[in-house]
Amino acid sequence: MATLIAPCNHSPQEDAEVLQKAFKGWGTDENAVIVILGHRNVYQRQEIRTAYEEIFQEDLVKKLESELTGDFERAVYRWILEPADRDAVLANVALKSGKNYYVIVEISSVLSPEELLAVRRAYLDRYKRSLEEDIASHTSGHLRQLLVGLVTSYKYTGDEINAKLAESEAEILHEAIKEKKGSQEEAVRILSTRSKTQLIATFNYYREIHGTSITKKLLDEASDDFQKALYTAIRCTTNHTKYYEKVLRDAIKRVGTDEDALTRVIVSRAEIDLRVISEVYYKRNSVLLEHALAKETSGDYKNFLLTLLGKDD
């Protein structure tokens, strides 16, 4: 369930003209930018980009980059991109950070095979290198194997499962992940090749056999990037809405709000299932997401995120 409700009768030409007017003068009318772009769906935003360039012979994305600043600019920039292009940018930023590899795991574990393929095409078009090439050059060892395996997979999306396979692979994962005695390559193979339904069956067998979830106590202060990536892959596969709720909770509760995480989740899920994620957040924290967000952010950035949450009244 999306939080964005876009109007049916918008005119991309009129929207482009309102935006151009907002850029005129000594200061940008940020509210006009929010009112227009914050209430347009992905197809309408692309129509506005096309109309703006046709009317004013200027790239709207570059214009926004030059007119806006800070977290607000980054949020609007990522919002106006097509989803595959946005995820390509997020993956590249994660690789450049040298630490946020879980973002790549999110993308490859949550998206459908066709959506993931579109991200890889967008990455190649934007950066003139393949996503897997850049992953390989920025990582090593088991982390490299897992990330490359995840982004290059094209998994079965049906409901059929192999119960015997799930039971045997639950034990393989126990040995590799929990006991750290088995083959890490086997854990990589299972997580990067098995379908979502097959993996969930495997995780359910794990719980039946061992009386606890596979992610319980998987991470501690000594966990490395590979273990964090395993954890993210399992959580995203099992229940991505609960995973995203935790990302938002951690971003808001930490000392110094993690605006990158807030922006990533709200912008990427607003047209998909942000309403569900918001409901999970409330059940977990007894606080409305919009109230928590409003308390920890400010200015145009706050207003834009609240608009994407459908709470700009």
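Observations, loosely collected:
- So Glu106, is it at pLDDT 95 or above, among the acidic types (Asp, Glu) and more than 12 Å from the chain's Cα centre (by Cα): no
- Inclusion of Arg40 among residues that are surrounded by 19 or more Cβ atoms within 10 Å (Cβ to Cβ), without any contact (Cβ under 8 Å) to a residue 60 or more places away in the chain and of a type in the set (D, E, K, R) is warranted.
- Search result, residues across segment 159-169 that are surrounded by fewer than 15 Cβ atoms within 10 Å (Cβ to Cβ) and not charged (D, E, K, R): Asn162, Ala163, Ser168
- Filter pass, Arg194 being open to solvent by 20 Å² or more (accessible area, probe 1.4 Å) and more than 17 Å from Pro113 (Cβ to Cβ): no
- Of the criteria (1) crowded, with 20+ Cβ neighbours inside 10 Å; (2) β-branched (Val, Ile, Thr); (3) assigned to a helix (DSSP H, G or I), which one Ile214 fails: (3)
- Only residues that are of a type outside the set (Phe, Trp, Tyr) and within 14 Å of the chain's Cα centre (by Cα) were counted in segment 240-257, giving 8.
- Arg126 passes every criterion in (1) in contact (Cβ under 8 Å) with a residue 12 or more places away in the chain; (2) within 23 Å of Leu191 (Cβ to Cβ) apart from (2).
- With respect to the stated conditions, Gly299 is surrounded by fewer than 16 Cβ atoms within 10 Å (Cβ to Cβ), closer than 26 Å to Thr28 by Cβ and of a type in the set (Gly, Ala, Ser).
- Residue match in segment 78-88 (condition: more than 30 Å from Ile234 (Cβ to Cβ) and either out of contact with any His (no Cβ under 9 Å at 6 or more places or on another chain) or of a type outside the set (Phe, Trp, Tyr) (or both)): yes
- Unmet requirement for Arg207, which otherwise passes all of (1) among the basic types (Lys, Arg); (2) closer than 30 Å to Gly98 by Cα; (3) in a helix (DSSP H, G or I): (2)
Here's the yes/no breakdown for (1) modelled with pLDDT of 95 or more; (2) out of contact with any Asp or Glu (no Cβ under 8 Å at 6 or more places or on another chain); (3) not charged (D, E, K, R):
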| position | (1), (2), (3) |
| --- | --- |
| Ser286 | yes, yes, yes |
| Leu293 | yes, yes, yes |
| Thr297 | yes, no, yes |
| Asp300 | yes, no, no |
| Asp312 | no, yes, no |
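- Residue match in segment 20-34 (condition: in contact with an Asp or Glu (Cβ under 9 Å, 6 or more places away or on another chain), closer than 19 Å to Leu305 by Cα and of a type in the set (Ser, Thr, Tyr)): yes
- Residue within segment 269-281 that is open to solvent by 50 Å² or more (accessible area, probe 1.4 Å), farther than 19 Å from Tyr101 by Cα, of a type outside the set (S, T, N, Q) and assigned to a helix (DSSP H, G or I) present: yes
- Cross-chain or 6+ apart pairs with Cβ under 7 Å, segment 62-88 first and on the phi > 0 side of the Ramachandran plot and part of a helix (DSSP H, G or I), then crowded, with 21+ Cβ neighbours inside 10 Å and at pLDDT 95 or above: Gly70/Tyr301
- Any hit, segment 170-184, residues being farther than 17 Å from Leu218 by Cα, open to solvent by less than 30 Å² (accessible area, probe 1.4 Å) and either more than 18 Å from the chain's Cα centre (by Cα) or modelled with pLDDT under 95 (or both): no
- Residue list for segment 113-144, filter: of a type in the set (S, T, N, Q) and in contact with a Lys or Arg (Cβ under 9 Å, 6 or more places away or on another chain): Ser130, Ser137
- Selection from segment 97-109 of residues that are in contact with a helix residue (DSSP H, G or I) (Cβ under 8 Å, 6 or more places away or on another chain) and either under 22 Å from Ile234 (Cβ atoms) or part of a helix (DSSP H, G or I) (or both): Lys99, Asn100, Tyr101, Tyr102, Val103, Ile104, Val105, Glu106, Ile107, Ser108, Ser109
The values are calculated or read from the model by the stated rules, or taken from the named source; none is laboratory data. Quick caveat, the model's predicted, so the values are computed rather than measured. Heads up, the Cβs are rebuilt from the backbone with ideal geometry, glycines too, and the neighbour counts pull from every protein chain shown. Surface accessibility is based on the protein's heavy atoms, side chains included, excluding ligands, DNA and RNA. Shrake-Rupley method; radii C 1.70, N 1.55, O 1.52, S 1.80 Å.
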